[in-house]
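Structure record follows, encoded as structure tokens.
The values are calculated or read from the model by the stated rules, or taken from the named source; none is laboratory data. The shown structure was predicted, so the numbers you read here are calculated from the model rather than taken from an experiment. A quick note on method: Cβ atoms are made from the backbone with ideal geometry, for glycine too, and the neighbour counts reach across all protein chains shown. Areas reflect the complete protein model, heavy atoms only, side chains present, ligands, DNA and RNA absent. Shrake-Rupley method; radii C 1.70, N 1.55, O 1.52, S 1.80 Å.
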Amino acid sequence: MGKPTGFLEYPRETAPEREPQARLEDWHEFRLPLAPDKLRQQGARCMDCGTPFCHSGILLSGMASGCPLHNLIPEWNDLVYRDLWRQALDRLHRTNDFPEFTGRVCPAPCEASCVLAIGDPAVAIKNIEYAITERGWENGWIVPLPPRVRTGKNVAVIGSGPAGLAAALQLNRAGHSVTVYERDDRPGGLLMYGIPNMKLEKEGVLLRRIELLEAEGIRFMLKTEVGKDVAAERLYREYDAIVVAIGAGKARDLVVRGRELPGIHFALEYLTAATRTLLDGVPETITARGKDVVVIGGGDTGTDCVATALRQGCRSVVQLEILPHPPQQRAPENPWPEWPKVYAADYGQKEAAERFSADPRRYGRTAIAFLPDAGGTLASVVCAEVGWQEKKPGVLVPGPIPGSETTLPAQLVLLALGFVGPEQELLDTLGVARTASGTISGENDRFATSIPAVFAAGDCRRGQSLVVWAISEGRRAAQECDAFLMGKPETL
Ligand code: FAD
């Protein structure tokens, strides 16, 4: 802790954003870096707490809190304050394989757990993480680290999202020969086709890390779906271990009248098509251009749809959210800031407000029907206000309030209602046991599955979650897999 009085002297300052009007003209990242002197001040604000909740990942009010990767946050905060950037990068890489991803897209549960935030805004930890890693790339400090010795063991990783990539990196560095199977044409999972370019640049940021992994010796088999293009039995025959990291891609649907009309798409279908257009220069297959757009779902995915529709030139955009606003106050018995449920306007809503002079969000509303025009194409969405009824003691169930219906014009509807779990076909073929909700079971928070030599990590095991959790799970699964392969509990 270089400056014990830092938290008394400096306020929280975060990275600026590009002006909404300007950034709507392109697909580049909307955040700008924080100036180095401001970063050092933020580092100085860290109190180096005796119990650093920011990196603990403990349970607060029944919810996991702090960094799941156990990032050594007070240590690298201090190193940044003292201008020791290279050491800060080394410290950051000890626990996080991809800080350039989390530094951009993580909702920062670390900041929600910052002790300073009891009475003052938290240290801008995420901005510091971003700056450390970008400085590392700019200065050529981040280089391939292939293993010195190979163990002769072969591992297949299925899925190249953040969980699969973290598992592959760790297992490869431990000396095993790793092949990543990915059914898409590009690696990265939802980092590639999901999270839009405005939040995480694909070519400059994601692919530069993939190139590094390839240079370390990891083999990527793209356009190769396990269970279809390559049989699961072949993997069992040819590999000493398998890590399953296939995500939780089964989207939640909204089964109401008119759902079958053309013009209604799952958010991920839409976001994937938009990224393909950007990267391949192909025409938009699903477009918001000139249309009235209704996004159903008020989470991050919904926001990404709003921002994408604006860049494509939609005529109007509305985002429906079932929860009332404001939904949650800090519980009186809980002195800690709540989990960062972002009800302040996020980047997409700020951009919509700039373009249309109105917040696109409509709280406490849901869609109850989709209506066609005379030609049979989607023309409007019927919405209703949501009431909450206590069906069983303590269980509130939402439902439309009769008589509260209104109609919104819509030629494009995007369903951003979350994900219900992993696709089951491959898991059936592999024969791994699952929980009642269809995720892969792991006993006592372990990453082994019911089949020997098969491990699981990320959203397919944990359920729909966050990039930071996927990286954490990939690392921990790799650790267990390595111990299994080498017959010893080795710490990676
Ligand atoms: P995924 O990233 O889903 O990767 C799984 C991969 O497995 C995919 O590439 C898939 O093609 C591949 N695969 C599946 N089946 C097979 C098969 N049979 N053979 C070969 N390959 C297969 N989290 C954040 O922290 N911050 C955000 O801002 C954020 N924004 C998001 C925005 C959107 C639109 C979405 C949908 C999610 C967002 N998330 C965000 C969540 C985050 O992206 C996920 O939690 C994370 O990517 C999960 O990682 P994963 O590796 O488990 O799975």
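For Lys153, are the conditions met, namely being in contact with a strand residue (DSSP E or B) (Cβ under 8 Å, 6 or more places away or on another chain) and surrounded by 18 or more Cβ atoms within 10 Å (Cβ to Cβ)?
yes
Would you say Lys199 is of a type in the set (Lys, Arg), open to solvent by 40 Å² or more (accessible area, probe 1.4 Å), near the ligand (Cβ under 10 Å from one of its atoms) and not assigned by TED's automatic domain parsing to the domain that holds His93?
In short, no.
When residues of segment 82-107 are filtered for being open to solvent by less than 10 Å² (accessible area, probe 1.4 Å), of a type outside the set (Phe, Trp, Tyr) and closer than 23 Å to Glu201 by Cα, how many remain?
Qualifying residue count, segment 82-107: 8.
Which condition breaks for Thr224 when tested against (1) in contact (Cβ under 8 Å) with a residue 60 or more places away in the chain; (2) open to solvent by less than 50 Å² (accessible area, probe 1.4 Å); (3) in a loop (DSSP other than H, G, I, E, B)?
With respect to (1) in contact (Cβ under 8 Å) with a residue 60 or more places away in the chain; (2) open to solvent by less than 50 Å² (accessible area, probe 1.4 Å); (3) in a loop (DSSP other than H, G, I, E, B), Thr224 is out only on (1).
Inspect segment 171-190 for any residue being part of a loop (DSSP other than H, G, I, E, B), within 27 Å of Ala15 (Cα to Cα) and near the ligand (Cβ under 8 Å from one of its atoms) and give the result as yes or no.
The answer is yes, given that some residue of segment 171-190 is part of a loop (DSSP other than H, G, I, E, B), within 27 Å of Ala15 (Cα to Cα) and near the ligand (Cβ under 8 Å from one of its atoms).
Given the condition charged (D, E, K, R), touching a residue at least 60 places away in the same chain (Cβ under 8 Å) and open to solvent by 20 Å² or more (accessible area, probe 1.4 Å), answer yes or no: does some residue in segment 382-399 qualify?
There is no residue in segment 382-399 that is charged (D, E, K, R), touching a residue at least 60 places away in the same chain (Cβ under 8 Å) and open to solvent by 20 Å² or more (accessible area, probe 1.4 Å).
Name the residues in segment 400-424 that are touching a strand residue (DSSP E or B) at 6+ places or on another chain (Cβ under 7 Å), within 16 Å of the ligand (Cβ to nearest atom) and open to solvent by 20 Å² or more (accessible area, probe 1.4 Å), would you?
Leu417, Phe419, Val420, Glu423 - these are the residues of segment 400-424 that are touching a strand residue (DSSP E or B) at 6+ places or on another chain (Cβ under 7 Å), within 16 Å of the ligand (Cβ to nearest atom) and open to solvent by 20 Å² or more (accessible area, probe 1.4 Å).
Six or more apart or on different chains, Cβ under 6 Å: which pairs go from a residue in segment 458-475 that's over 13 Å from Gly159 (Cβ atoms) to one that's within 6 Å of the ligand (Cβ to nearest atom)? Could you list them?
From segment 458-475, the pairs are Ser465/Asp459; Val467/Val105; Val467/Pro162; Val468/Cys106; Ile471/Pro162.
May I ask you to list the residues in segment 425-457 that are open to solvent by 30 Å² or more (accessible area, probe 1.4 Å), in contact (Cβ under 8 Å) with a residue 24 or more places away in the chain and within 13 Å of the ligand (Cβ to nearest atom)?
Glu425, Thr429 - these are the residues of segment 425-457 that are open to solvent by 30 Å² or more (accessible area, probe 1.4 Å), in contact (Cβ under 8 Å) with a residue 24 or more places away in the chain and within 13 Å of the ligand (Cβ to nearest atom).
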